[in-house]
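Worksheet for the structure shown next.
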Amino acid sequence: TSSSRRIYLPTVWRTCCMTSFSLPAFSRLSPRIARAEREHHQLQAYFRLHRQDVERGDWGALSAVSLGVHNVYNGLEDILISLARDVDGAIPLGPTMHQDILDQMAAEISGIRPALLDEPLYEALTELKGFRHLVRHKYGFDLHPERVVENVLRLDGAFPQVIKAVVWLHGLLSTPAP
């Protein structure tokens, strides 16, 4: 349940420093989390300075912020793919792999792990995935200021939840069964 996942992140995750996980399946995550966190902090700083430009529809600000959301989401997706490979033993492939990874992480895998993403987080990541697709495959002229702002705020909510879920899963899997 969502309430059982409420944990406080260690200081290292809040200060963009690296830490190590004790389980080998999580060993690749520390640098990936740190990179995504650095990118997220840079996006937040830029957005604070240029939010009015984004809201006015300034092409440069819209493009920069949209690319920042794109990059941070890619980092989160990379973390989920790493978990799929190293914990689940299977990575989705093919044209639907971006949605499939979210579906896989939202599902429990009996005997391996509980669901990593709850419904609200799954929905937020699905929306961010769609926005990332728009940024990747359209020109900046197709970006709408209100959608860009909405997705920055959505990412600000989802990012720490994904990291908390990963830390929670690590704690759960590293605790010996009774």
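Yes or no: TYR73 at negative phi, aromatic (Phe, Trp, Tyr) and open to solvent by 20 Å² or more (accessible area, probe 1.4 Å)? No; evaluated as a whole, the condition is false for this residue.
Which is under 17 Å from LYS164 (Cβ atoms) and either outside any loop (DSSP other than H, G, I, E, B) or open to solvent by less than 30 Å² (accessible area, probe 1.4 Å) (or both), of ALA64, ALA34, ALA84, ALA45? Outline the logic, then answer.
Values: ALA64 fails: under 17 Å from LYS164 (Cβ atoms); ALA84 fails: under 17 Å from LYS164 (Cβ atoms); ALA45 fails: under 17 Å from LYS164 (Cβ atoms).
Exactly one residue qualifies, and that residue is ALA34.
Has the range 154-162 got at least one residue that is more than 26 Å from SER30 (Cβ to Cβ) and open to solvent by 70 Å² or more (accessible area, probe 1.4 Å)? No: the range 154-162 contains no residue that is more than 26 Å from SER30 (Cβ to Cβ) and open to solvent by 70 Å² or more (accessible area, probe 1.4 Å).
The values are calculated or read from the model by the stated rules, or taken from the named source; none is laboratory data. Just so you know, these numbers come straight off a predicted model, no measurement behind them. Here the Cβ is made from the backbone with ideal geometry for all residues, glycine too, and neighbour counts use every protein chain on show. The protein model used for the area step is the full one, side chains on, heavy atoms only, and it has no ligands, DNA or RNA in it. Shrake-Rupley method; radii C 1.70, N 1.55, O 1.52, S 1.80 Å.
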